[in-house]
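Inspection log for the structure reproduced underneath, given as structure tokens.
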Amino acid sequence: MTESSGIGGLDHACQTGQHRHAERGFDLYETPPIAVEALLAVENLPHRVWEPCAGRGAIANVLRDRGHAVVCSDLIRYDDFPLHFVGDFMRQSKAPVGCDAIITNPPYQIATEFTRHALDLAPCVYLLLRLASLESIPRTEILERRDLARVHVFRRRLHMMHRDGRIGPRASSAIPFAWFCWNRDHRGPTVVDRIGGVAS
């Protein structure tokens, strides 16, 4: 249940959040490994984390390769990627045992509600979101009152995260993304910096 960006046609509709729900399916848009690697280069993630939109393991596989224990869940099971459980994240009342952090690429359509719920469930939350998520009055609570510690903006645009099943050439996204990192122990202003050197 990860997110997308794109250049034209259906992918443009996807990046602007305008795909019809029937076309969007379960919002599986796999996160490029390089995006996760860039986060790992600047954040000291807890050893055990929860990936609640695991899909086929795009984020979890990178984290596991780096020695992290990752509890994976999603709305449905994709192919043979093993999940610890199948379930709607928005209906979960607590994080899995031992998971003090949530890391994922949440669905565009409910990104604000998803973020708020994640912050209720875990002390540390790392979400790959559009940079434009820094805007808007409705997000004031989660951006200014819920301990947003850092926003890591990519120096170069990520490759398009195509909708599941789409076949075609890779290209740079028309949308800037960033990792938004919340920590309940954070005090002081939010730090915004630039990360990664995404290869073309």
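Here are the numbers for this structure:
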quantity: Environment charge at Asp100 (Cβ cut-off 10 Å; Lys +1, Arg +1, Asp -1, Glu -1); calculated: +2
quantity: Contact order normalised by residue count of region 57-131, Cα under 8 Å, 6+ apart, percent; calculated: 24 percent
quantity: Spin-label model distance (nm) - Ala69 vs Arg91, 7 Å beyond Cα toward Cβ; calculated: 2.7 nm
quantity: Using θ = phi - 60° and Karplus 6.51 cos²θ - 1.76 cosθ + 1.60, couplings along region 83-92 (whole Hz; Gly, Pro as x); calculated: 10, 6, 7, 9, x, 6, 3, 5, 9, 7
quantity: Among 187-194, 97-104, the order from most to least packed when residues are scored by Cβ within 10 Å on average; calculated: 97-104, 187-194
quantity: Extension gain from Arg56 to Arg187, taking 0.36 nm per residue of separation minus the Cα-Cα distance; calculated: 43.6 nm
quantity: Gyration tensor (alpha-carbon) shape descriptor, region 49-103, a/c threshold 1.5; calculated: oblate
quantity: Gyration tensor (alpha-carbon) shape descriptor, region 39-167, a/c threshold 1.5; calculated: rounded
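We did not get these values from a lab; they are worked out from the coordinates using the rules stated. All figures in this text were calculated on a predicted structure; none of them were measured in a lab. Positions of Cβ are generated from backbone atoms using ideal geometry, with glycine treated the same way; all protein chains shown enter the neighbour counts.
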